[in-house]
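Here's the structure, in structure tokens; my notes come after.
Please treat every number below as a calculation from the coordinates, not as lab data. What you see is a predicted model, and the numbers here were worked out from it, not measured in a lab. All Cβ positions, glycine included, derive from the backbone under ideal geometry; neighbour counts span all protein chains shown.
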There are 2 protein chains.
Amino acid sequence: MVSIKDLAKHLDISIGTVSRALNDKPDVNKQTRAKVLQAADNLGYVANQSGRSLRQGTTNAIGFLIESGADTEGNSDNFFMGVIDGLQSELSKHKLDLLVLPCSTDEDPENYVKRMVARQLVDGMIISATHTIDKRIDFLSKSKLPFVALGQSETGKNHPWIDLDFEGVARVSIDRFVKNGHQRIAIALSANQLNLGSIFLKSYKDSLKRHDIEFAPELVLQANSNDKGGYAIADELLNLNDRPTAILLVHELMAHGLYRRFAEDGLVVGRDLAVIGFRNSAQARMFSPSLTSFKLSLRDLGIALAASLLSTMPAYQKHYSGKMLSQIWPMEIVDGESDAVKIPKNPI
Amino acid sequence: MVSIKDLAKHLDISIGTVSRALNDKPDVNKQTRAKVLQAADNLGYVANQSGRSLRQGTTNAIGFLIESGADTEGNSDNFFMGVIDGLQSELSKHKLDLLVLPCSTDEDPENYVKRMVARQLVDGMIISATHTIDKRIDFLSKSKLPFVALGQSETGKNHPWIDLDFEGVARVSIDRFVKNGHQRIAIALSANQLNLGSIFLKSYKDSLKRHDIEFAPELVLQANSNDKGGYAIADELLNLNDRPTAILLVHELMAHGLYRRFAEDGLVVGRDLAVIGFRNSAQARMFSPSLTSFKLSLRDLGIALAASLLSTMPAYQKHYSGKMLSQIWPMEIVDGESDAVKIPKNPI
DNA sequence: TATAGTATCGTAAACGTTTACGGAAATTAA
DNA sequence: TTAATTTCCGTAAACGTTTACGATACTATA
């Protein structure tokens, strides 16, 4: 590996000048700068990050914290890949690299964050899979490392975050159901602890209240956010005395199981039950009848996350003066056939 | 941030001794070591990685190179998440951290690898999405950085690699088809350049030859590895003069489109066409009739990759004396209903 | 011409570690 | 008691950068 010292020796100038030339500092002659850049290119010089980090206390890298376990909230499709692509697109504008830091299922997330922060290999962090009570946020708030959370938490709010508009998804869904005459509307939630569920549930309740529909606890169903869970929920639903006529699937990965269970009884989604899913994954289009769902541009979300983070970092703030730190990320509904049924005469 | 210097001052001993105590070096008194560890814990000391890297030229981290674009050969999030979990499980045994390095769709993969190597933030690399001709491998071979490839390449083979047993998958599939009386057997490949396709195709041809079945070029179908591609392939297949009675889907993400296209003509997979898919994804179980496919433990694959890499790194070799550097990763077939049809009397 | 200002560069310290080396104290051997 | 050995610890250099500071030479101003 060729160092700055080698460059200096090769050009017979001081390492200080070489460094200044490489870093576009003002007080260096144009010709010498040209020579330095030329030589750097020839010899294949590239700055050693450790040396640079040690001196400046900066790494030119941003970390994206994810959980590497298999089923993280049913994000089975390319959720992260899409977000990552957006993150990079924005970060690369500032010559920042993205390091994805996967927290293993074996390790306590808080401990993992501590380790990664201590390692000092990133200048800022984006954390995902936010929990209602999230110790990582506690820790990061205390540390001086800039960070942005994908997903709100109740742990502390004076940090930037971006959250998908779960509230809006639930509201729009319920409104649409009600508009079509539905009165008994169910909601299917994931069985885990993520904050997502509580937001959805609250918005669901609020929407019902707005329409003067009484909240029925038995219509809040919980299961794992996958095929099996969907089957179980459909089963539970079909066994209710007073069956719902519509259901909102917070995790549309449940959809397939639901379709499957219905098919077993000769029932058809969209005719015997109105279904709206969240969030428009690659699979959503595959259903028959097609699933009404919500569209989300993962790439744009990634870009927004990066912008939000950078706007809190002094070195980059100038580029993001007008940006909002935190925001609710809106999503558009995409019409399918699964919620076609209106005011059913024979509620299932 | 508390440094080793702070620790030394606090304990009124030299920084050399502190460092030795923390790193389990032999020549340090047991009591002083205990004191040092205690103080480090109290003050929340954790070694600065930049300083350490600069001095030792080592980072205690392994990089996993992936491509962050949306459709990377149908390897959705789950694929990587599973592998990552396995990687970490093995790496953590040696106190190594895993950094996932996503190559953006905007950037040339070779250039990205160069940048990441130059950054010197990992001691070794695992690269994925290997192409038949892969410049990254060229570069890494020249550099001194240890690496292992997930997927073979023709670029140079004197480096460790692990490849899924595509050859076996094709062979077992064709054998099973033939055993059930099929003679016209198609194969659906992805339309892109990955090495996977060529291996599959070769094995497909070899298997046919073994059974004295003439190779028919029109039975090699190509499309994008997704729902639409499957639909297109089914369409093409149904328009053939002499239709095949069986098909091997190299990317079972195509399966849904194929099912869909068949349903349109009132045809049923498993009755009117024998289908075997690859690789047993979460969706595979959801099909009806269920898709016969191949099982793959992503976690175990990750563990093997890590072991393979570490066995080439001097500092860790002692733990992996007997390990093989490169290997073909076997997969088991999982019976479904999609290939139930035997020697059809009325070939579609 | 003398002075002030400017452009350019070299010097050296600092970031936080690790580690080779040597020295002092403690222990053992004679 | 002395010499030899061992145990423990401090010193200082080194890794590759960046950057404050000062020095030099040149240019413009009076």
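According to the Kirkwood relation over distinct C-alpha pairs, the hydrodynamic radius of the stretch A:245-319 is 14.6 Å. A label point on A:Ala216, set 7 Å along the Cα-to-Cβ line, lies at 5.6 nm from each of its counterparts in the other copies, closest listed first.
Per-residue mean of foreign Cβ neighbours for A:114-122 is 5 (Cβ atoms of other chains, 10 Å radius).
For chain A, a simple Cβ point-charge model (Lys and Arg +1, Asp and Glu -1, everything else neutral) yields a dipole of about 1520 debye relative to the Cα centre.
I want to verify the translational diffusion coefficient of the protein assembly as shown in µm²/s; compute it with Stokes-Einstein, Rh as the Kirkwood radius over Cα pairs, at 20 °C and 1.002 mPa s.
The calculation lands on 77 µm²/s.
In this Cβ point-charge picture (+1 for Lys and Arg, -1 for Asp and Glu), the stretch B:4-47 has a dipole of about 80 debye about its Cα centre. Projecting 7 Å from Cα along the Cα-to-Cβ direction, the label point of A:Val268 sits 1.8 nm from its equivalents in the other copies, listed shortest first.
Taking all Cα pairs closer than 8 Å and separated by 6 or more residues, the relative contact order of chain A comes to 17 percent.
For chain B, the spread of Cα coordinates along the three principal axes comes to 90, 40, 37 Å, biggest extent given first.
Among beta bridges identified by DSSP and lying wholly in chain A, the antiparallel ones come to about 10 percent. Note on A:Val268 and B:Glu154: their simple-model spin labels are 5.1 nm apart, each label 7 Å out from Cα toward Cβ. Annotation: amide H-H contacts under 5 Å for A:His251 (H modelled 1.01 Å from N, sequence separation of 5 or more, or interchain): A:Phe278. Taking other Cβ atoms within 10 Å as a rough exposure proxy, B:Ile4, B:Ile62 sort from fewest to most as B:Ile4, B:Ile62. The C-alpha atoms of chain A define a longest principal axis, and helix A:109-119 lies at about 10 degrees to it. Label separation (A:Ala216 vs A:Asn111): 4.6 nm, computed from points 7 Å beyond Cα along the C-beta direction. Closest approach of a chain A Cβ to the axis relating A and B (residue, whole Å): A:Val100, 2.
What the Cα convex hull of the stretch B:133-201 gives, in volume per residue, is 82 Å³. Only DSSP H runs of four or more residues enter the estimate; each adds -39500 (n - 2.57), and after division by the residues of the protein assembly as shown the mean residue ellipticity at 222 nm equals -12000 deg cm²/dmol.
In terms of overall dimensions, the stretch B:15-117 has a Cα radius of gyration and Dmax of 19.3, 57 angstrom. Between A:Asn192 and A:Leu325, full extension at 0.36 nm per residue minus the direct alpha carbon distance yields a gain of 45.1 nm. Overall dimensions of the stretch A:166-295, expressed as equivalent-ellipsoid semi-axes from the Cα gyration tensor (√(5λ), whole Å, largest first), are 20, 16, 15.
Shielding of peptide B:48-57 by partners, expressed as the average count of other chain Cβ atoms within 10 Å per residue Cβ, is 6. Translational D (Stokes-Einstein, µm²/s) of the stretch A:194-234 at 37 °C and 0.692 mPa s when Rh comes from the Kirkwood sum over C-alpha pairs? Estimated diffusion coefficient is 286 µm²/s.
Note on the stretch B:291-332: Kirkwood hydrodynamic radius from all Cα pairs is 11.5 Å, rounded to one decimal. Tell me the Kirkwood hydrodynamic radius of the stretch A:4-47 in angstroms, computed as one over the mean inverse distance between distinct C-alpha pairs. Result for the stretch A:4-47, one decimal place: 10.0 Å. The 3J(HN,Hα) values that the Karplus relation (6.51, -1.76, 1.60; θ = phi - 60°) gives for the stretch B:242-255 are, in residue order, 10, 5, x, 10, 8, 8, 9, 8, 5, 10, 6, 5, 6, 4 Hz. Gly and Pro appear as x. Over the protein assembly as shown, what is the percentage of antiparallel beta bridges among all DSSP beta bridges, to the nearest 5? Antiparallel bridges: around 10 percent, rounded to the nearest 5.
Among the residues of B:103-110, the average count of other protein chain beta-carbon atoms within 10 Å of the residue beta-carbon is 3. Shape annotation for the stretch A:68-212: C-alpha extents along the principal axes are 56, 30, 30 Å, from largest to smallest.
Residues whose amide H falls under 5 Å from that of A:Val269, counting only those 5 or more places apart or on a different chain, are absent, with hydrogens built in the peptide plane. When +1 charges are put on Lys and Arg Cβ atoms and -1 charges on Asp and Glu Cβ atoms, the dipole computed for the protein assembly as shown relative to its Cα centre reaches about 2520 debye. Comparing B:Val269, B:Trp161, B:Gly257 along the charge dipole axis of the stretch B:141-286, the residue lying farthest to the positive side is B:Trp161, per the Cβ-charge model.
Ordering A:Glu167, B:Glu332 by the number of other Cβ atoms within 10 Å of each residue's own Cβ, fewest first, gives B:Glu332, A:Glu167.
Inter-copy label distances for B:Ile328: 5.7 nm (label point placed 7 Å from Cα along Cα→Cβ; shortest first).
Determine which lysines satisfy two conditions relative to B:Lys179: a Cα distance under 17 Å, and not lying fewer than 8 residues away in the same chain. Filter leaves B:Lys205, B:Lys209, B:Lys342, B:Lys345. Placing a label point 7 Å from the Cα of B:Ala315 along the Cα-to-Cβ direction, the residues of the stretch B:137-165 whose backbone N falls under 15 Å of that point are B:145-147. Note on A:Asp242/B:Asn239: beta-carbon distance plugged into 1/(1 + (r/R0)^6) with R0 of 41 Å gives a FRET efficiency of 0.25.
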